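Visitor: The structure follows.
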Amino acid sequence: MINEILKFNKEFVENKGYVKYITNKFPDKKVAIVSCMDTRLTELLPMALGIKNGDAKIIKNAGGVISHPFGSAMRSLLIGIYELDVKEILVIGHTDCGARHTDSKKIIEKMKQRGIEQKNIDLVKYYGIDFDSWLGGFKDLDLSIKNSVELIRNHPFVPEEIMIYGLVIDSVTGELRKVI
């Protein structure tokens, strides 16, 4: 795959395919979006929201979840707020999310099958990582979105004037539904 990517990239640059994407680092619509890494959303999400290159900061992870107040997703939001003038945050979950039913015990078994030793798993547990909450999924999509929104709203470093919303996007049609 990497060879295909590099070949395509060479042609892309030579043909100046990048020209229509030139923008700066500041989001024109002053919005940051936290969403899932699901491949169905790669093009659907921006199109369904009317967002083009340069309009928003898009932060993607499994489930579109803010799982820790000082994790990488929250860090990205804070940098967006203080360095890139983000004024609104959208947490957007989606229908038929694969992360929703993730089973941490099954993932641990898959790790072991691929050569990860039990001592490494034990070490992570020793440092206080709860595998069920870290690797596990969520049962209720709306509740997961509400929890992420509340974590952001109540974060000690998020100013009160930042507007934070939670939505669900239909992963087939792109239809949005406001949760919070």
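The values are calculated or read from the model by the stated rules, or taken from the named source; none is laboratory data. These numbers come from a predicted model, not from an experiment. Backbone-built Cβ (ideal geometry, glycine too); neighbour counts: all protein chains shown. Accessible surface areas use protein heavy atoms only, side chains included; no ligands, DNA or RNA. Shrake-Rupley method; radii C 1.70, N 1.55, O 1.52, S 1.80 Å.
Visitor: Where the second residue is open to solvent by 30 Å² or more (accessible area, probe 1.4 Å) and outside any loop (DSSP other than H, G, I, E, B) and the first is over 16 Å from residue 159 (Cβ atoms) and free of Cβ contacts under 8 Å to residues at least 60 places away in the same chain and lies in the stretch 65-78, which pairs have Cβ atoms under 7 Å and are six or more apart or on separate chains?
Guide: That search, which allows pairs on different chains as well, returns 73/61.
Visitor: With (1) in contact with a Phe, Trp or Tyr (Cβ under 8 Å, 6 or more places away or on another chain); (2) modelled with pLDDT under 95 as the list, and residue 68 as the residue in question, which single condition is left unmet?
Guide: (1)
Visitor: Follow-up. Considering the stretch 73-105 alone, what residues qualify as being open to solvent by 90 Å² or more (accessible area, probe 1.4 Å) and either modelled with pLDDT of 95 or more or over 26 Å from residue 168 (Cβ atoms) (or both)?
Guide: Selection gives 75, 82, 83, 87, 96, 105.
Visitor: Which residues, taken from the stretch 147-178, are touching a strand residue (DSSP E or B) at 6+ places or on another chain (Cβ under 6 Å) and open to solvent by 30 Å² or more (accessible area, probe 1.4 Å)?
Guide: Scanning the stretch 147-178 gives 153, 163, 165, 176, 177, 178.
Visitor: For the stretch 47-68, what are the residues that are assigned to a loop (DSSP other than H, G, I, E, B) and within 14 Å of the chain's Cα centre (by Cα)?
Guide: Scanning the stretch 47-68 gives 65, 66, 67, 68.
Visitor: A further question on this structure: Run down 116, 129 and say which single residue is surrounded by 12 or more Cβ atoms within 10 Å (Cβ to Cβ), modelled with pLDDT under 95 and more than 29 Å from residue 26 (Cβ to Cβ). Explain how you work it out, then say what you get.
Guide: Working: 116 fails: modelled with pLDDT under 95.
Exactly one of 116, 129 is surrounded by 12 or more Cβ atoms within 10 Å (Cβ to Cβ), modelled with pLDDT under 95 and more than 29 Å from residue 26 (Cβ to Cβ), namely 129.
Visitor: Another question about this same structure. What is the one condition in (1) open to solvent by less than 80 Å² (accessible area, probe 1.4 Å); (2) over 23 Å from residue 102 (Cβ atoms); (3) among the polar types (S, T, N, Q) that residue 144 does not satisfy?
Guide: Residue 144 satisfies all of (1) open to solvent by less than 80 Å² (accessible area, probe 1.4 Å); (2) over 23 Å from residue 102 (Cβ atoms); (3) among the polar types (S, T, N, Q) except (2).
Visitor: Mind checking which residues of the stretch 4-46 are exposed (fewer than 11 other Cβ atoms within 10 Å of the Cβ), among the hydrophobic types (A, V, I, L, M, F, W, C) and assigned to a helix (DSSP H, G or I)?
Guide: Scanning the stretch 4-46 gives 5, 6, 13, 19.
Visitor: Related question: Give, as residue ranges, the helices (runs of 4 or more DSSP H) completely inside the stretch 98-180 that count at least 2 residues that are touching a residue at least 40 places away in the same chain (Cβ under 8 Å).
Guide: Correct list: 131-135, 141-153.
Visitor: Can you name the residue in the stretch 47-64 that is open to solvent by 30 Å² or more (accessible area, probe 1.4 Å) and in contact with a strand residue (DSSP E or B) (Cβ under 8 Å, 6 or more places away or on another chain) and is also farthest from residue 95 (Cα to Cα) among such residues?
Guide: Filtering first and then ranking leaves 57.
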